[in-house]
Ligand code: FES
């Protein structure tokens with residue numbers, strides 16, 4: 001595979017849109033990468049599921065105002081940018097592009113883990 005091909009970003013089905021409850025993160029694994037998929041405010045986001053502060057699954061935390069909270073120490077990460085709102089986490093988490101294919105609850109939620117946005 002050429003370097004150019006590796007950078008095109010392959011979208012992989014993470015789940016169906018109907019599998020996502022509003023503001024309830026769903027953990028999936030794509031190509032060995034743990035991802036938290038979140039539907040909130042009519043949009044779907046995909047972020048790395050592990051907190052940048054310690055090895056904690058963010059999908060076990062709560063979502064509010066387009067932020068996902070790490071339940072262990074309370075840092076919140078912006079689902080659009082991955083930036084933490086404050087300590088103890090100081091580094092952002094990766095955010096991955098999402099595409100929705102199809103209509104209704106059966107629509108496919110596709111995530112590319114080869115591109116971080
Ligand atoms: S483990 Fe997430 S803020 Fe500490």
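The values are calculated or read from the model by the stated rules, or taken from the named source; none is laboratory data. As the structure is a computational prediction, the values presented were derived from the model and not from experiment. Glycine also receives a Cβ, built like all others from the backbone with ideal geometry; neighbour counts cover every protein chain displayed.
Which strands (runs of 3 or more DSSP E) does the range 60-117 wholly contain that include 1 or more residues that are at pLDDT 95 or above, touching a strand residue (DSSP E or B) at 6+ places or on another chain (Cβ under 7 Å) and farther than 16 Å from residue 23 by Cα?
Numbers: elements: 67-69, 76-78, 98-101, 108-112.
By residue number, 98-101, 108-112.
Of the residues that sit in the range 33-50 and are outside any strand (DSSP E or B) and away from the ligand (no atom under 13 Å from the Cβ), which one is surrounded by the fewest Cβ atoms within 10 Å (Cβ to Cβ)? Explain how you work it out, then say what you get.
So in the range 33-50, the residues outside any strand (DSSP E or B) come out as 41-42, 49.
From what's left, away from the ligand (no atom under 13 Å from the Cβ): 41-42.
On the way: 41: 13, 42: 6.
Filtering first and then ranking leaves 42.
How many of the residues in the range 16-32 are surrounded by fewer than 17 Cβ atoms within 10 Å (Cβ to Cβ) and either out of contact with any helix residue (DSSP H, G or I) (no Cβ under 7 Å at 6 or more places or on another chain) or at pLDDT below 95 (or both)?
Filtering the range 16-32 down to residues surrounded by fewer than 17 Cβ atoms within 10 Å (Cβ to Cβ) leaves 16, 18-19, 21-24, 27, 29, 31-32.
Next, only the ones that are either out of contact with any helix residue (DSSP H, G or I) (no Cβ under 7 Å at 6 or more places or on another chain) or at pLDDT below 95 (or both) stay: 19, 21-24, 29, 31-32.
Residues meeting the conditions: 8.
Looking only at residues in the range 51-76 that are in contact (Cβ under 8 Å) with a residue 24 or more places away in the chain and within 9 Å of the ligand (Cβ to nearest atom), which one is surrounded by the fewest Cβ atoms within 10 Å (Cβ to Cβ)?
In this case the residue turns out to be 53.
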